[in-house]
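In what follows, a single structure is set out as structure tokens and then discussed.
The values are calculated or read from the model by the stated rules, or taken from the named source; none is laboratory data. Remember, predicted model here, so these are calculated numbers, not experimental data. Positions of Cβ are backbone-derived with ideal geometry, glycine not excepted, and every protein chain shown enters the neighbour counts.
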Amino acid sequence: MTDKKKSIKVALTTLGCKVNQFESASFISGLEERGAEIVPFSGQADVYIINTCAVTGKAGAQSRQMIRRALKTNSGARLIVTGCYAQVATQKVLEIGVWSVCIVGNGYKHRLVDIALSEKHCDLEMHMGDIGSNREICLLPVRRFPDRTRAFLKIQDGCNNFCTYCIVPYARGRSRSLPVAAALEQIEVFAAAGYREIVLTGIHVGMYGLDLSPATRLLDFIDRATALYPAIRFRLSSLEPGEVGDELLHLMAGRPNFMPHFHIPLQSGDDRILREMNRRYQARDFAAIIERIRATIPHAAIGVDVLVGFPGEDEAAFANTFALLEGLPVTYLHVFPYSKRPGTLAAGLAGQIAGPVKDERVERLRQLSARKKSAFYQRHLGTVQRVLAENSRNRFKLMRGFTENYIPVLFPAQENMSNQIVDVFLARLEDGIVFGQRA
């Protein structure tokens, strides 16, 4: 390797989901192993990498903004645009006027480091292909994450559901799983690096293992991983409602390092809208799942995704969603306004909802979320919880960490307590923030 290549400065920015964050961590690992220097995206660099998102119109706009920012900072740099926006809106990227761009599709991310460090001049390169035909997941090993206490592990990519509002299956392709041996090898790397918590993530992580030969199940993988690494806390990023079964609940209840934390997309609490979305359950099915979780693991945190303003969502349909969530023992809501995505079925539906109507409904649900979260936190005041200490980078200069059931807590501690699991007494709730003391 030449000294010139070792001195290459690379700036990277990541938009979107935990899957993108994992992939960017893999890029950084590969670049550093090849001698590149990772520098802030706001500064001068020889190479700029933008890992884009396309899940909403706002995410697409942010992706374009990052491209323009890189060009403005150093118009002579190599620019690499990858991720979901690059996959589904290639022409939009080109329309920005970028002639020295390398566009790397989601199916070619394993080649991104080589492309970034290539000595060949990059006028316009397209590394795309038909993502829908990919049947194997990109192998993207990671050595470290910026946050030393928690690591993401992408064990699955792609989605077969084709919900009518969602661009992701077109951007990510069909469901593909990381082989069990490779997943366990990555966990071993994280364990050796000192990580105390791993979040198992994917586009549709509940499909994990069904495409492997021999086929396996997510449940069996979690059972094996948590047994092999009892000192590491494992979380799941998200599960579809129908994937939360009794076996999973009993494993979580009985395995101390399988964190009692669910994130389950509802999207709508109205059965008509659910059918229009191509969601394969009804509101009563979702309610039964939430009640079963609460009965089996009373202290579990339950986060819910809600999509507001889907075409045809009248006041009655929204009222059904609000009433369902208000009556269920959920912990918090992630609320998103519907965003028309070109290429999806919902983009052509009649009854598109006006922006101000969506904004008002979003605000009502976010207020409900705040009340739900506060009630959940209040229930746990006066208890001692196991907290993974992270850092004191907050305005209070207190150590911040998360309980097993995902309550963020601030408490006095020395900085060297970072990355340790400590007992914390949850003392009080002020302005939505839980404060504690070492127990």
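Out of all the residues in segment 271-288, which are touching a helix residue (DSSP H, G or I) at 6+ places or on another chain (Cβ under 6 Å) and either crowded, with 22+ Cβ neighbours inside 10 Å or among the aromatic types (Phe, Trp, Tyr) (or both)? Result: ILE273, TYR281, PHE286. If you go through segment 286-333 and keep only what is out of contact with any His (no Cβ under 7 Å at 6 or more places or on another chain), aliphatic (A, V, I, L, M), assigned to a loop (DSSP other than H, G, I, E, B) and within 20 Å of SER237 (Cα to Cα), you end up with ILE297, VAL330. Selection of segment 291-319 for residues being crowded, with 18+ Cβ neighbours inside 10 Å and more than 27 Å from HIS380 (Cα to Cα) yields LEU307, VAL308, GLY309, PHE310, PRO311, GLU313, ALA317, PHE318.
LYS340 fulfils the conditions (1) outside any strand (DSSP E or B); (2) at pLDDT 95 or above except for a single criterion, (2). Applying the criterion of at least 2 residues that are at pLDDT 90 or above and closer than 28 Å to GLY158 by Cβ to the helices (runs of 4 or more DSSP H) found wholly in segment 1-80 leaves 18-33, 57-73.
Counted as qualifying within segment 350-439 are the strands (runs of 3 or more DSSP E) with 1 or more residues that are in contact with a Pro (Cβ under 7 Å, 6 or more places away or on another chain) and closer than 20 Å to GLU197 by Cβ, namely 399-403, 433-438.
Here is a check on your reading of the model: is VAL205 in contact with a helix residue (DSSP H, G or I) (Cβ under 7 Å, 6 or more places away or on another chain) and not assigned by TED's automatic domain parsing to the domain that holds ALA77? Please lay out each step first, then the result.
Numbers: in contact with a helix residue (DSSP H, G or I) (Cβ under 7 Å, 6 or more places away or on another chain): yes; not assigned by TED's automatic domain parsing to the domain that holds ALA77: yes.
Criteria met by VAL205.
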